[in-house]
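Just so you know, all these numbers are worked out from the coordinates, no wet-lab data involved. In this text, all values refer to a predicted model and were calculated from it rather than measured experimentally. Here the Cβ positions follow ideal geometry from the backbone for every residue, glycine too, while neighbour counts run over all protein chains shown.
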Amino acid sequence: MTTRFERAEILAAIWRLGAKDKRLPTSHGILDNALKACLDQLPDVLTNGLSFSYTSVGLRCHQVPDILLAGQEALLTTEPNPTYLSSMVTLDDDTAREIALGFGLSTKAAREAGAVLLEAVERIRKEWPDKPEESAAA
């Protein structure tokens with residue numbers, strides 16, 4: 001079984017490689033919905049065992065809060081910004097590549113997975129009713 005720290009590592013690595021300096025969404029269920037939308041295009045180490053359900057606030061991935069917290073605890077990401085909309089991945093490209101390789105992913109495959117996840121995040125942000133946007137302040 002994949003631990004929350006392993007999931008946090010691979011999420012941070014693919015996000016860094018595929019999304020570069022873009023902020024990782026941590027609110028409004030954006031990451032939850034993006035993960036669900038591209039589940040079959042992401043590494044198994046991240047997606048195996050993820051569970052989703054519809055709640056009073058929409059679709060939620062039950063593991064996302066623990067994954068995000070593990071990323072913060074392991075210093076892979078910053079604490080969410082003051083408005084709790086996003087956080088920054090603190091890995092550099094070399095460390096992200098090493099993590100991806102450690103999980104059996106090529107740099108190319110990790111970059112492509114991160115780009116797919118970023119595309120899903122951007123699509124969901126555009127469709128979201130109250131439009132939480134990425135910005136320097138967000």
Starting from the Cα of K20, step 7 Å along the direction of its Cβ; do the same at K126; then give the gap between the two resulting points in nm.
1.9
Can you list residues whose amide H is under 5 Å from T77's amide H, if they're 5+ apart or on another chain and H is modeled 1.01 Å from N?
Q72, T90
Taking only Cα atoms and a 10 Å spring cutoff, compute GNM fluctuations for the chain and point out the largest among P65, P43, P25.
P65
Computed FRET efficiency, Cβ-Cβ of D40 and E79, R0 30 Å: what is it to the nearest 0.05?
0.45
Long-range amide H partners of S86 with built H, under 5 Å
T26, N81
Degrees between helix 64-73 axis and first principal axis of the chain (Cα, 0 to 90, nearest 10):
60
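Under the Kirkwood approximation for Rh and a Cα-based Rg, what ratio Rg/Rh is obtained for the chain?
Values: Rg = 13.6 Å, Rh = 14.7 Å.
Radius of gyration relative to Kirkwood radius: 0.93.
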